[in-house]
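Reviewing the structure listed below.
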Amino acid sequence: MRNKQHVTKEIVELSAIKASYNHYLASGRSIFEVENTTQLHYNLCVINRSLRQLFEELKGLNEQLATDNRQLKTNNGQLAMGSYFISPEFKALETRAIMQFNSDRRFTITE
């Protein structure tokens, strides 16, 4: 199965091509160049069909990610990460360590 980023990249590329086709078809040159216009109308139909399929695939990927995220949470309040579990005690220790790091004057956070 393809990655969500690859699908969105393809959607952006096809949308740019579709926009350029529409720009040409709206120009005055398209009235006189009938063969190019006919070919562009056909290509536009193909692109629209491809975009619909990509949007369906993206919708499926989003639904799959949502179900995967729901499955990560267990009923004990622990968060499953692969075969590992993060306990609430570990989360508290991690939070306390971050707070101590932030309060220590030797370290500064710069952006």
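The values are calculated or read from the model by the stated rules, or taken from the named source; none is laboratory data. From a predicted model like this one, the values you see are computed outputs, not experimental measurements. FYI the Cβ positions are ideal-geometry reconstructions off the backbone, even for glycines, and counts take in every protein chain you see. The protein model used for the area step is the full one, side chains on, heavy atoms only, and it has no ligands, DNA or RNA in it. Shrake-Rupley method; radii C 1.70, N 1.55, O 1.52, S 1.80 Å.
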Test set (1) more than 27 Å from the chain's Cα centre (by Cα); (2) of a type in the set (A, V, I, L, M, F, W, C); (3) open to solvent by 90 Å² or more (accessible area, probe 1.4 Å); (4) at pLDDT 85 or above - Phe90 fails condition number
(4)
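Please specify each residue of the range 42-64 satisfying the condition of being surrounded by 13 or more Cβ atoms within 10 Å (Cβ to Cβ) and of a type outside the set (Asp, Glu).
Of the range 42-64, the ones surrounded by 13 or more Cβ atoms within 10 Å (Cβ to Cβ) are 43-44, 47, 50-51, 54, 57-58, 61.
Within the range 42-64, Asn43, Leu44, Ile47, Ser50, Leu51, Leu54, Leu58, Leu61 meet the criteria.
Select from the range 1-29 the residues that are of a type in the set (S, T, N, Q) and either in a helix (DSSP H, G or I) or open to solvent by 60 Å² or more (accessible area, probe 1.4 Å) (or both) and list them in ascending order. Before the answer, list the steps.
First, the residues of the range 1-29 that are of a type in the set (S, T, N, Q): 3, 5, 8, 15, 20, 22, 27.
Within the range 1-29, Asn3, Gln5, Thr8, Ser15, Ser20, Asn22 meet the criteria.
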